[in-house]
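A.B. asks: Structure provided below as structure tokens; questions to follow.
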Amino acid sequence: MAKSASVYARIDPDLKEKAETILSALGIPVSNAIDMFFKQIVLRKGLPFEVKLPYEKPISMGALTKEELNAELEKGYADILAGRTKPIEQTIADMRKDFDI
């Protein structure tokens, strides 16, 4: 099929440069990479990767001040009272899935 459609997008110049450097090292022209991306969208009927918010780094209790520790404990207690907790088995299963362990 002849390629005659154009895509125009404004992106961060630094991001563009970094991506182009990697694609160049792989020997893939930017237009081919975009074409591959679009083909994967069509094949998967959606984005070819998971889209979610970044994982929040766990709080290091030893690094907290007394006031910060008390605030975190209060948040936890409020979660318990509001029913925003889950069984330890579910937590472990979620951690195994999230961290591939």
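The values are calculated or read from the model by the stated rules, or taken from the named source; none is laboratory data. What you see is a predicted model, and the numbers here were worked out from it, not measured in a lab. With ideal geometry, Cβ positions are generated from the backbone for all residues, glycine too; neighbour counts draw on all protein chains shown.
A.B. asks: Name the single residue, out of those in the stretch 6-22 being of a type in the set (A, V, I, L, M) and assigned to a helix (DSSP H, G or I), that is farthest from the chain's Cα centre (by Cα).
C.D. replies: The residue in question is 22.
A.B. asks: Taking the conditions exactly as written (assigned to a helix (DSSP H, G or I), modelled with pLDDT of 95 or more and acidic (Asp, Glu)), does residue 67 satisfy them or not? Show your work before the answer.
C.D. replies: On the way: assigned to a helix (DSSP H, G or I): yes; modelled with pLDDT of 95 or more: no; acidic (Asp, Glu): yes.
No: the conditions fail for residue 67.
A.B. asks: When you check residue 72 against the structure, is it without any contact (Cβ under 8 Å) to a residue 12 or more places away in the chain, out of contact with any Pro (no Cβ under 9 Å at 6 or more places or on another chain) and surrounded by 10 or more Cβ atoms within 10 Å (Cβ to Cβ), yes or no?
C.D. replies: On the way: without any contact (Cβ under 8 Å) to a residue 12 or more places away in the chain: no; out of contact with any Pro (no Cβ under 9 Å at 6 or more places or on another chain): yes; surrounded by 10 or more Cβ atoms within 10 Å (Cβ to Cβ): yes.
Spelling it out, it is not the case that residue 72 is without any contact (Cβ under 8 Å) to a residue 12 or more places away in the chain, out of contact with any Pro (no Cβ under 9 Å at 6 or more places or on another chain) and surrounded by 10 or more Cβ atoms within 10 Å (Cβ to Cβ).
A.B. asks: Looking at the stretch 42-59, I want the residues that are in a loop (DSSP other than H, G, I, E, B) and have a partner that is surrounded by 10 or more Cβ atoms within 10 Å (Cβ to Cβ) with Cβ atoms under 8 Å, at least 6 apart or on another chain. Which pairs are those?
C.D. replies: Between residues of the stretch 42-59 that are in a loop (DSSP other than H, G, I, E, B) and residues that are surrounded by 10 or more Cβ atoms within 10 Å (Cβ to Cβ), the close pairs are 47/41; 48/37; 48/40; 48/41; 59/72.
A.B. asks: Go through the residues of the stretch 48-57 one by one and say whether even a single one is surrounded by 10 or more Cβ atoms within 10 Å (Cβ to Cβ) and closer than 30 Å to residue 33 by Cβ.
C.D. replies: Pass one, the stretch 48-57, residues surrounded by 10 or more Cβ atoms within 10 Å (Cβ to Cβ): 48.
Still in the running and closer than 30 Å to residue 33 by Cβ: 48.
Yes; the residues of the stretch 48-57 include at least one that is surrounded by 10 or more Cβ atoms within 10 Å (Cβ to Cβ) and closer than 30 Å to residue 33 by Cβ.
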